[in-house]
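One structure is given below, encoded as structure tokens.
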Amino acid sequence: MIILSIILIITGVFFFFTATFGLLRFPDFYSRLQATGKGDTLGSLLMLAGLALYNLSSGISLASILVSVKLLLIAVFIFIANPTATHALTRAGQDAGVEPWTKEEKSK
Amino acid sequence: MNYIVTFLILFANWLIWSGMFDSFHVSLGVISCGVVTLMSHDLFFENGKFQFSYITEFIRFALYIPWLIYQIILSNIHVAYLVLHPKMPIEPSIITFETTLKKEMSIVAFANSITLTPGTITMDVHDGKYFVIHCISRKVADDLLSGEMERKIARIFGEN
Amino acid sequence: MVNFFLIISLVLGVFVFFSLYRAVYGPTVLDRIVSVGVIGTKTTVILALMGFIYGRIDMFVDICLAYALLNFITTLAAAKFFRVRKSIVPGSKYFKDKGTDQ
């Protein structure tokens, strides 16, 4: 069980890494949101699930089950909230008139 | 009826987050959940009315989540490939398409699913019908327009 | 195991530092908001890891939830606020360069 949680946590760190790298590397606002909206959601989901599993492995009692359920509820909340925040930001960008980057402009 | 359901949902959340089951804390929970229920009993449900079909919708939505998680893992691998590729083969474009979904809940679920699946994010929804979508490459746009996800969502919320 | 959590949270701290680059040099205000949201999500996970390092996860999990809620509300409020200020973004047709207006 501990090994499974370690695998989950390391995968989560990898997706956080891609989210950060995409944030630094992509050319415009919308593509950056592509990277962060996905990478952060899955990264935090995997890491919190891994932590909840690790918490159960030290001994199952009412208190530890409660803590694991709370960690999973935080993960579910992030899972709902992160796409919503991404959507709100893209809409703000569209209304403020941020121009999307396209390949044709670059080759011109 | 929707008073009772709202109260039960709030009280279950109270029990999980407080974590103390002695009579003092539970009675505090009953009082505060009761006050919140009186103030906002019509916020949870569409049109402010509880219907029994929501329970089956909820169960079907829970069954849809594993497929969604599989799609999210695919999309993350896609983004990781794009980010780590030295030439960064992206080709962003914006497309608009019209959906046949009608209920508010199914449009919300559809928009969030689009954001989480490979290479697409929802930018805007006009008039509850026209989705404006930012695609990172031409191929993912064609995948989305095939309409598999829309059919799945329609089946969950009983629209056809 | 505590060392493992310590290393993971250090790595996440390094990611937060790199995200800070976008928050400082981001070309538009909206890029900065995205960066703040990313840092907030990472901080939520770091707080959970901290709880395991100190052995007080039952306390830290509540702080973690409060941070996640605040992060979401911050992003939404900032997006709502900057939606109506059209002249802040370079590249939009409403944007005026300093010195050239009037």
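Rule-based calculations on the coordinates, nothing more; no lab input. Computed from a prediction, not measured in an experiment: that's the story for all the values here. As a convention, Cβ positions derive from the backbone with ideal geometry for all residues, glycine included, and neighbour counts pool all protein chains shown.
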Problem set entry | chain A: DSSP helices with Cα axial extent of at least 30 Å and average Kyte-Doolittle hydropathy no lower than 1.6 | A:2-25
Exercise. Which value, in debye to the nearest 20, gives the size of the charge dipole of the stretch A:2-95 about its Cα centre, when Lys and Arg are +1 and Asp and Glu are -1 at the Cβ?
Worked result: 40 debye
Exercise. Hey, got the average number of other protein chain Cβ atoms within 10 angstrom for residues in B:30-37?
Worked result: 0
Seminar exercise, completed: With +1 at each Lys and Arg Cβ and -1 at each Asp and Glu Cβ, the charge dipole magnitude of the protein assembly as shown around its Cα centre, to the nearest 20 debye, comes out at 640 debye
Exercise. Between A:Ser58, B:Ile136, C:Leu65, whose Cα lies farthest towards the positive end of the dipole of the protein assembly as shown when Lys and Arg beta carbons carry +1 and Asp and Glu beta carbons carry -1, centred on the Cα centre?
Worked result: B:Ile136
Exercise. When the helices in chain B are scored as -39500 (n - 2.57) per DSSP H run of 4 or longer and the sum is shared across all residues, what 222 nm value do you end up with, to the nearest 500 deg cm²/dmol?
Worked result: -20000 deg cm²/dmol
Problem set entry | Shape category assigned to the stretch C:16-85 from the gyration tensor of Cα positions, a/c cut at 1.5 | oblate
Seminar exercise, completed: Scaled by the rule-of-thumb 2.2 N^0.38 Å, the alpha carbon Rg for the protein assembly as shown gives a ratio of 1.04
For this session: With everything on Cα atoms, drop me the angle between helix B:53-84 and the longest principal axis of chain B, reported from 0 to 90° to the nearest 10.
Result: 40 degrees
Problem set entry | For B:112-121, mean number of other protein chain Cβ atoms within 10 Å | 5
Problem set entry | Sum of side-chain charges, B:Asp142 neighbourhood, beta-carbon under 14 Å (Lys, Arg +1; Asp, Glu -1) | -1
Exercise. Spin-label point model (7 Å from Cα, Cβ direction): what's the B:Ile73 to C:Ala77 distance in nm?
Worked result: 3.8 nm
Exercise. In percent, how large is the relative contact order of chain B, given Cα pairs closer than 8 Å and 6 or more residues apart?
Worked result: 20 percent
Exercise. Gain in length, B:Trp17 to B:Tyr81, computed as 0.36 nm per residue apart minus the alpha-carbon separation, to one decimal in nm?
Worked result: 19.1 nm
Problem set entry | Spacing of the two label points (7 Å from each Cα toward its C-beta) at B:Leu28 and A:Ile10, in nm | 4.3 nm
Exercise. By per-residue mean of other Cβ atoms within 10 Å, what is the highest-first order of A:13-26, C:13-26, A:39-52?
Worked result: A:39-52, A:13-26, C:13-26
Exercise. Which links in A:Lys70/B:Lys129; B:Lys103/B:Lys139; A:Lys70/B:Lys103; A:Lys38/B:Lys87; B:Lys152/C:Lys42 stretch past 27 Å when you go from one Cα to the other?
Worked result: A:Lys70/B:Lys129; B:Lys103/B:Lys139; A:Lys70/B:Lys103; B:Lys152/C:Lys42
Problem set entry | For peptides B:29-36, A:79-86, sequence by mean Cβ density within 10 Å, most packed first | A:79-86, B:29-36
Exercise. So what is Rg over Rh here for chain A, counting just Cα atoms and using Kirkwood for Rh?
Worked result: 1.15
Exercise. For chain B, which longest stretch is free of loop sites, where a loop site is one of the trypsin sites (Lys or Arg not before Pro) that DSSP puts outside H, G, I, E and B and that has at most 11 other Cβ atoms within 10 Å?
Worked result: B:88-160
Exercise. When Lys and Arg each count +1 and Asp and Glu each count -1, what net charge do the other residues less than 14 Å away from B:Ile95, Cβ to Cβ, add up to?
Worked result: -3
Problem set entry | Area projected by the alpha carbon convex hull of the stretch B:63-156, averaged over all directions, nm² | 5.8 nm²
Problem set entry | With Cα atoms, 0 to 90° folded angle of helix B:23-39 axis to chain B main axis | 60 degrees
Seminar exercise, completed: If each part is reduced to its alpha-carbon centroid, the stretch C:32-70 and the stretch A:1-58 end up apart, in Å, by 14 Å
For this session: Inverting the mean 1/r over all pairs of different Cα atoms, compute the Kirkwood radius of chain B and quote it in Å.
Result: 18.6 Å
Exercise. Normalised by the number of residues in chain A, what is the relative contact order in percent for Cα pairs under 8 Å and 6+ residues apart?
Worked result: 30 percent
Exercise. Can you give the FRET efficiency for B:Phe52 and A:Ser61, using 1/(1 + (r/R0)^6), R0 = 30 Å, r = Cβ-Cβ distance, to the nearest 0.05?
Worked result: 0.25
